[in-house]
Amino acid sequence: MMFRQVWPLVIMPAMALAGGDTYYTGDATSYTLGQVSAGNCNFMYDPGVGDNYAALNSEQWDSTHNCGRCAEVSCDDARCSDTTSTQIVYIVDRCPECKQ
């Protein structure tokens, strides 16, 4: 069973260079909750990130070069209960229909 939920998020790549933080606003999603190895990155192990993983849009996907990278995300939508806190997520998949 595949689960997908899309939320508007502000994505701040944790891999940004010092002094050169890059911020994006767009959709974010996570497929197949509980099955990190089922994503396009095809991880053969559970990296121990729990449910803190995400899929990137096609433009940022970059032919799997962002697999395993971390991103700091926050919710930027009225439906979110907390728009001030952030979470670090592990990139394990691609979301072709998500906007940048």
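The values are calculated or read from the model by the stated rules, or taken from the named source; none is laboratory data. Please read these numbers as outputs of a predicted model, since none were measured by experiment. Using ideal geometry, Cβ is built from the backbone for each residue, glycine included, and neighbour counts are taken over all protein chains shown.
If you go through the range 82-100, how many residues are in a strand (DSSP E or B) and out of contact with any helix residue (DSSP H, G or I) (no Cβ under 6 Å at 6 or more places or on another chain)? Lay out the reasoning, then the answer.
Initially, the range 82-100 is screened for residues in a strand (DSSP E or B), giving 87-95.
Subset that is out of contact with any helix residue (DSSP H, G or I) (no Cβ under 6 Å at 6 or more places or on another chain): 87-91, 93, 95.
Result for the range 82-100: 7.
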Pair list, Cβ under 9 Å, 6 or more apart: the range 58-79 residue closer than 12 Å to residue 91 by Cβ, other residue in a loop (DSSP other than H, G, I, E, B) and among the aromatic types (Phe, Trp, Tyr): 67/43; 68/43
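Per-residue answers, yes or no, for (1) modelled with pLDDT of 85 or more; (2) assigned to a strand (DSSP E or B):
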residue: 9; (1), (2): no, yes
residue: 22; (1), (2): no, no
residue: 33; (1), (2): no, no
residue: 42; (1), (2): no, no
residue: 48; (1), (2): no, no
residue: 51; (1), (2): no, no
residue: 63; (1), (2): no, no
residue: 68; (1), (2): yes, no
residue: 71; (1), (2): yes, yes
Checklist (1) in a loop (DSSP other than H, G, I, E, B); (2) surrounded by 11 or more Cβ atoms within 10 Å (Cβ to Cβ); (3) modelled with pLDDT of 80 or more; (4) among the charged types (D, E, K, R) applied to residue 79, failing item: (2)
